[in-house]
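Novice: Let me give you the structure first, and then I'll get to my questions.
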Amino acid sequence: MRTPTHAAHRIHRGLRRSVAACMAGLSTGVVAVALVAAPASASGTTLHTATSAPGDTLRVVPLQVGQSSSMTMGGRFEPASGQEQAGTAVTDLSYSSNWSGFVDGTSTKRGVLTAVGATFNQVSSDWSVPRLQISLPNGYVGNWDGIGGVFGTEAIVQAGTIEDFQGLRPSYQAFIENYPNPTLVVEAPVAPFDNVQSAIAEESGTWTVTLTDTTEGWTTGPVNIAAAYESLGYSFVSPDTETAEWITEDPSCATALCPFADFSPVVSSEVEDSATGAPASRTPQQFLMINAEGIPQTGIFPANISTATTYAASYRDFAVIRLGLGFVGR
């Protein structure tokens, strides 16, 4: 979608909504888990501790056909038609119909989104799970970090949390995903204002995700993403590695954007990534979410989270604020 004064990008595909996660039984303290393969016909993959002690288990469950209404998240950019004629000369800002946050590895010049030539192999961050304001019949928002999905193939590796309410019932869930494969929802408790940590890394061609809720006291431990999907009968799809991102998103429901939830500020910290190739010096690009009329739906503070001077970089904390609804200013 585009207005005469905004170059907008539509991001689609990716995370598919599943039913609310069941609360798995967890032992006291952080539960370190490692992947144990399950038959492809199983409804989920079980994650166990090395000793498989009773109570020390988590499950990741793929979306099943017919479960709830479809919601998609993450995925690839599709630049709006006529974007090059937008005439903007902005190098550190881009607009999106459903992403808000920062993307490393991109630049926008005269309305054209381009890659800067880096190859990313690690991304991580912490964030506070937002509390939903039940102001509409339904609402959706997702928070995640990931690699891929902007250029090249549609493949992406991402991990994060989903917050939504349907019929005035809020739901908070954790997930990992290798799009175009189904989303894997982690069956573990997630609550508003929890501190969640996500770390995605590639080493010698193997991608791992570690997702941790320090407030609730659980972690997936390093999950071999390819093994997780293969245990469920899917083939891992390597992500495009030209970008790394930290995103708050308005998902898609079927062919249109979902109602965007009203939520408390999402504060991200420990924002880091690592890349090889040129350039070592790069500045993550701010992505602001706008609607079809060009009205901002989110604000980001600060507007710049610093410039990397080495291939492994740490950036400033930032917050994504929902504009125009009840939580603004709280």
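Novice: Report the rotationally averaged projected area of the stretch 170-213 based on its alpha-carbon convex hull, in square nanometres. If you can, show how the numbers build up before the last one.
Specialist: Details: hull surface 15.3 nm².
Here the figure is 3.8 nm², rounded to one decimal.
Novice: At 7 Å along the Cα-to-beta-carbon direction for both Thr255 and Thr276, put a label point, then send me their distance in nm to one decimal.
Specialist: About 4.4 nm, to one decimal.
Novice: Across the stretch 150-159, in residue order, what do the Karplus-derived ³J(HN,Hα) couplings come to in whole Hz, using 6.51 cos²θ - 1.76 cosθ + 1.60 with θ = phi - 60° and x for Gly and Pro?
Specialist: 9, 10, x, 6, 8, 5, 8, 10, 8, 8
Novice: At most 11 other Cβ atoms within 10 Å and a DSSP loop assignment: could you name the GluC sites (Glu not before Pro) in the stretch 262-293 that fit? Numbers along the way, then the final one.
Specialist: On the way: sites: Glu270, Glu272, Glu293; in loops: Glu293.
Here the sparse-neighbourhood loop sites are Glu293.
Novice: How much of the calculated P(r) for the stretch 146-255 lies past 17 Å, in percent of all Cα pairs? Let's see the in-between values first.
Specialist: Details: 3377 of 5995 pairs.
More than 17 Å apart: 56 percent of the Cα pairs in the stretch 146-255.
Bear in mind these aren't lab numbers, they're just calculated from the coordinates by the rules spelled out. Computed from a predicted model, the values in this text were never measured in an experiment. Virtual Cβ from ideal backbone geometry, glycine too; neighbours counted across all protein chains shown.
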